[in-house]
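Encoded as structure tokens, the structure appears first; notes follow it.
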Amino acid sequence: MEHIDVAVIGGGQSGLAAAQALLRERLQPVVLEASERAAGSWPRYYDNLTLFSPARYSSLPGMPFPGGDPDRYPHRDEVIAYLTAYAARLDADVRTRSRVTAVRADGPGFVVELEGGGRLAARAVVAASGTFGRPHRPGLPGLERFTGAVLHAADYRRPEPFAGQRVVVVGAGNSAVQIAAELAAVAQVTLASRHPVKFARQRILGRDLHFWLKRIGLDTAPLGRLVRTPPTQLVIDDGHYRAAVADGAPDRRELFTDAEGSKVTWADGSAEAVDTILLATGYRPDLPYLASLGALDGTGHPLHRDGASSVRPGLAFTGLEWQRSLSSNSLRGVGRDAARAARRLAAHLSST
């Protein structure tokens, strides 16, 4: 069995940031990425996804986001290319097509089991598969009786296959609004949610919102210690999406009260046929490989404080939503949390 310093599970932005931070602490990480390239979940997102943060605020430590205009908003494929280049520049052992199936305790360390039967003995583990690996499919009223198509945003790529359809997009966050507006160009679309969409201006006094978040310290404030249920996500908008909703493309309604057969029933009692319900309802932590350690609660969320496991010394997390701050699971913020995790693991390993 191969013996290593630190197993980093997940090779997207969270895993790569963790590897970079561990190298700075003179540890040798092995990054284990289940897919064929070190870009995490980004290749699985829809084709026209655009970041809501400018390039200047969308970098991992040690490598600025490339391109001539730092104030532009990068597209999905730019992020994939950036992460791939970042991995290539790291002096770390990055192993793709290496899916972790279980992490088990082994004295003060761990045994990491891989799909196909491989095993690694690791002194420490960083769970960096983040919050974008397990699509959340809430139990909506009547959804099990609906005979049309039910998809998650993770299944959505482009609008053309939905041309001419009646589509209901469930959600009120950035992805829900962006997908619904895109679909409205080819289909009749309703954006349905339990709460109204809350818009935030993308630019304030000539500056991007992220400039102000950084300037006032809100981007890095350790609010994660206080936030148990993440607040309603604001939709960052330059005015385009607010105008689209106001024009009814898409229209916005309260969540349907029932569904059966090919129809959904709205709050006013009316019913209509719908071809597709698309759930833009977010993701949950993808950490089933930690189950045997008792490191998760009953809902599959990790038991931690600021990214350090509260159950198992030597186990850390990166990339969790509100792990420490509102930017913890973003390109701009994961590096700070990774640095904290790496320092703690280095101190732990030096004392064992």
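Residue 118 meets each of the listed conditions (1) surrounded by fewer than 18 Cβ atoms within 10 Å (Cβ to Cβ); (2) under 13 Å from residue 12 (Cα atoms) apart from (2). Could you check the stretch 148-181 and list, in sequence order, the residues that are part of a helix (DSSP H, G or I) and either in contact with a His (Cβ under 6 Å, 6 or more places away or on another chain) or farther than 22 Å from residue 272 by Cβ (or both)? Once the filter is applied, which keeps residues that are part of a helix (DSSP H, G or I) and either in contact with a His (Cβ under 6 Å, 6 or more places away or on another chain) or farther than 22 Å from residue 272 by Cβ (or both), the stretch 148-181 yields 153, 154, 155, 160, 174, 175, 178.
Quick check on residue 200: is it touching a residue at least 24 places away in the same chain (Cβ under 8 Å) and not in a strand (DSSP E or B)?
On the way: touching a residue at least 24 places away in the same chain (Cβ under 8 Å): yes; not in a strand (DSSP E or B): no.
When the stated conditions are applied, residue 200 does not pass them.
Give me the residue from the stretch 121-132 that is in contact with a strand residue (DSSP E or B) (Cβ under 7 Å, 6 or more places away or on another chain) and part of a loop (DSSP other than H, G, I, E, B) and, out of that set, nearest to residue 35 (Cα to Cα). Across the stretch 121-132, the extreme among qualifying residues is 129.
Evaluated against (1) in a helix (DSSP H, G or I); (2) within 30 Å of residue 170 (Cβ to Cβ); (3) in contact with a strand residue (DSSP E or B) (Cβ under 8 Å, 6 or more places away or on another chain); (4) not charged (D, E, K, R), residue 138 falls short on exactly one condition, (1). Pairs linking a residue in the stretch 330-352 that is in contact (Cβ under 8 Å) with a residue 40 or more places away in the chain to a residue that is part of a helix (DSSP H, G or I) and surrounded by fewer than 18 Cβ atoms within 10 Å (Cβ to Cβ), with Cβ atoms under 7 Å and 6 or more positions apart or on different chains, are 342/24. The residue pairs whose first member lies in the stretch 236-251 and is on the phi > 0 side of the Ramachandran plot, whose second member is hydrophobic (A, V, I, L, M, F, W, C) and buried (at least 20 other Cβ atoms within 10 Å of the Cβ), and whose beta carbons are closer than 7 Å, counting only pairs six or more residues apart or on different chains, do not exist in this structure.
Every read-out reported here was derived from the displayed coordinates using simple, explicitly stated rules and does not represent laboratory data. Everything numeric in this text was worked out from a predicted model, so none of it was measured. We place every Cβ from the backbone using ideal geometry, glycine too, and count neighbours over all the protein chains shown.
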